[in-house]
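Report on one structure; see the data block that follows.
What follows is calculated from the coordinates using simple rules that are stated; it is not laboratory data. As the structure is a prediction and not an experimental result, all values here were calculated from the model. Cβ placement follows ideal geometry from the backbone for every residue including glycine, while neighbour counts extend to all protein chains displayed.
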Amino acid sequence: MSSTSLELLGLAAAAALGLLHIVLASHSASFQRGYRWTAGPRDESLPPLTGVAGRLARASSNYLETFPFFAAGTLAAIAMGVHSPWTRWGVILYLVGRATYLPLYAFGVVLVRSMAWNVALAGIVSMYVALFAWLQR
């Protein structure tokens, strides 16, 4: 597999992971609040989601905060032809960190969850290190 296809595959996998976050958060909210609420206009104010539903909603929101930075870095690397161990590790670290983060957050595991988040952040940083190194050459 070439670097380009690894990065494209990683970007597609990260997008799929984002969809999984949304589906899990949505269904858990529906289980907690009921499908009548889900199908309705949701005009009324409700208390925040609690338990697993609340954690999945927060994990989804957190994912959506980091994904644009990963996607932008990955797309820039592909467009600029920047393919290196930095970009490969960026993809791997981001995916492993974020895929690990989701169940850890859902089950309320502390500290290790933060470590997984930092692994994903290291993946984003790795992608930008590759880009800036390429620009400096």
Cβ-Cβ under 9 Å, sequence separation 6+ or interchain: first residue in segment 41-68 and under 22 Å from Val109 (Cα atoms) and free of Cβ contacts under 8 Å to residues at least 40 places away in the same chain, partner surrounded by fewer than 17 Cβ atoms within 10 Å (Cβ to Cβ) and aromatic (Phe, Trp, Tyr). Which pairs? Ala53/Phe31
Name the single residue that is farthest from Leu102 (Cα to Cα) among those in segment 19-53 being buried (at least 17 other Cβ atoms within 10 Å of the Cβ) and of a type in the set (Gly, Ala, Ser). Ala29
Of everything in segment 68-83, what is crowded, with 17+ Cβ neighbours inside 10 Å and closer than 18 Å to Gln136 by Cβ? Give them in sequence order. Gly73, Ala77, Val82, His83
Among the candidates Tyr94, Tyr101, residue that is closer than 18 Å to Leu24 by Cα and aromatic (Phe, Trp, Tyr): Tyr101
Which condition from (1) touching a residue at least 40 places away in the same chain (Cβ under 8 Å); (2) out of contact with any Phe, Trp or Tyr (no Cβ under 7 Å at 6 or more places or on another chain) is the one that Trp37 breaks? (1)
